[in-house]
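Here's the structure we're looking at; comments come further down.
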């Protein structure tokens, strides 16, 4: 039996398994995709958008984070997942607030801080606009973003792309309630413009300080929130001149505050995370 904790950040939920100082089954150390799909299934398993395995650091971090989507594929990193991991460390390591946390991910070292109001701020790193580094086959457009047209059933969707250590496609729409969200999300995720697949976000402008998005995550489908997606969407709205550099992002699961000072600067994401429950599961 393996102990787990389930955490959520704005409804984006994750199974966390402690691997530091423990001998874990091989299927957890080198996760079996069938097992990941089973435990993330909301009818036959625990139910989650993904699995996070907490490991000993390999370099300059406090911990190493491996994160897997609910379809069994491994992701580079996840903003909501990092916030959940930091809350896990606070709850289990007797850490104090206002401490710095250094998280190793496949997308590099990410730094997080817990503020006095107990919200968690994460330095998400610099956004990526070079198409082959995202990766995308789009070319740079007038806004400085990779952009292109994606045709779905005869309708062309103007799409921009931003990398946050993982790929994101952002599509501005007039009204989120009027789009076939799941169909578009699924088809854009696997479009040939994105060789590694992509996360997909549909963006509605509310005012110069606020945007609202719907999230279709690569490997997970429709979710209530996506931290890297909120960052990518905010950056794209700033680059396109739609918003100021401090943006409130409204997601189905709640709000995130994104601050991007501009070119050559990191994106800062602030939001909450909390424990749902703990338990054990066969592995």
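The values are calculated or read from the model by the stated rules, or taken from the named source; none is laboratory data. Owing to the predicted nature of the structure, the values given are computational and were not obtained by experimental measurement. As a convention, Cβ positions derive from the backbone with ideal geometry for all residues, glycine included, and neighbour counts pool all protein chains shown.
Points worth noting:
- Residue check, residue 94 in a strand (DSSP E or B) and either without any contact (Cβ under 8 Å) to a residue 60 or more places away in the chain or not assigned by TED's automatic domain parsing to the domain that holds residue 233 (or both): no
- Count of region 71-96 residues which are farther than 18 Å from residue 111 by Cβ, surrounded by fewer than 19 Cβ atoms within 10 Å (Cβ to Cβ) and touching a strand residue (DSSP E or B) at 6+ places or on another chain (Cβ under 8 Å): 3
- Breaking point among (1) closer than 12 Å to residue 272 by Cα; (2) out of contact with any strand residue (DSSP E or B) (no Cβ under 6 Å at 6 or more places or on another chain), for residue 99: (1)
- Residue in region 2-16 that is under 29 Å from residue 248 (Cβ atoms), surrounded by fewer than 16 Cβ atoms within 10 Å (Cβ to Cβ) and touching a strand residue (DSSP E or B) at 6+ places or on another chain (Cβ under 9 Å) present: yes
- Qualifying residue in region 160-181 (condition: part of a strand (DSSP E or B), modelled with pLDDT under 95 and either in contact with a helix residue (DSSP H, G or I) (Cβ under 8 Å, 6 or more places away or on another chain) or over 23 Å from residue 105 (Cα atoms) (or both)): no
- Some residue of region 59-70 being surrounded by fewer than 16 Cβ atoms within 10 Å (Cβ to Cβ) and without any contact (Cβ under 8 Å) to a residue 40 or more places away in the chain: no
- At least 2 residues being closer than 28 Å to residue 186 by Cα is the threshold, and among the strands (runs of 3 or more DSSP E) wholly inside region 205-283 those reaching it are 210-217, 221-223, 246-251, 254-259, 268-271.
- Residue list for region 64-81, restricted to those being in contact with a helix residue (DSSP H, G or I) (Cβ under 7 Å, 6 or more places away or on another chain) and not in a loop (DSSP other than H, G, I, E, B): 65, 67, 68, 79, 80
Residue-wise test of (1) part of a helix (DSSP H, G or I); (2) touching a residue at least 60 places away in the same chain (Cβ under 8 Å); (3) in contact with a helix residue (DSSP H, G or I) (Cβ under 6 Å, 6 or more places away or on another chain).
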site: 4; (1), (2), (3): no, yes, no
site: 23; (1), (2), (3): no, no, no
site: 52; (1), (2), (3): no, no, yes
site: 83; (1), (2), (3): yes, yes, no
